[in-house]
Amino acid sequence: GLAAAMLQITSARHVLRRDLGAAEEALLSAEEVGRRSMDELRRTVALLRSDDKAALSPPPSARDIKTLVDDARASGLAVELRGQGNLAQIAPNVGLALYRISQEALANAARHAPSARTVLELELANGQACLVAETTGPLNTAAAAEPKQRRYGLIGMRERATALGGEFNAGPTQKGWRVTCRLPLRAEGQTGVEEVDTS
């Protein structure tokens, strides 16, 4: 959410003197993303403080990946969602992991390659969900020049995948960056039905 809001604010600053309408639209989008991020943060804090966890809103799932993509696109990121079939009987914790990994992959694309194109693909086969985020295009030179820091986002994505018995890989390609994650669709004692909506 912060990455998307920052991208919109930067866009507004660049067009402020020549296109007030575009600047206002970018700022409105940043405000909307910021509001949703604050709501999610409040829910998280409430969950940590509450004894009545059942009364809280459910966490995001794989169905919410489409909203992530729509928000990123509205923020100016060239991103496309592709998918095949249904996420039938997917465990809620697997759906949450797919959402969070997608969220981090898009945040990284917005921060490090805002002018590039990202394709987020989610496919189901052989009892597994395969999530691939392929970013193709130029790297943000300002981000590349920053002092090297630990990549907690990548660490978090890998930890989510391995905790569920999945696999995670991320690294540069000849034309950009690629994130790949494979997770089992089911977890013991958890069931649910989700749809992949790429419209």
Plugging the Cβ-Cβ distance of Thr10 and Asn126 into 1/(1 + (r/R0)^6) at R0 = 30 Å yields, to the nearest 0.05, a FRET efficiency of 0.10
Expected sort for 19-28, 115-124 on mean C-beta neighbours within 10 Å, highest first, is 115-124, 19-28
Given backbone amide H placed at 1.01 Å from N, residues whose amide H is under 5 Å from that of Ala78, ignoring those fewer than 5 places away on the same chain, are Thr118
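Readers should treat all values here as calculations from the given coordinates under stated rules, not as data from a laboratory. Values in this document were obtained by computation on a predicted structure and should not be read as measured data. So basically every Cβ, Gly included, is an ideal-geometry build from the backbone, and we count neighbours across all protein chains shown.
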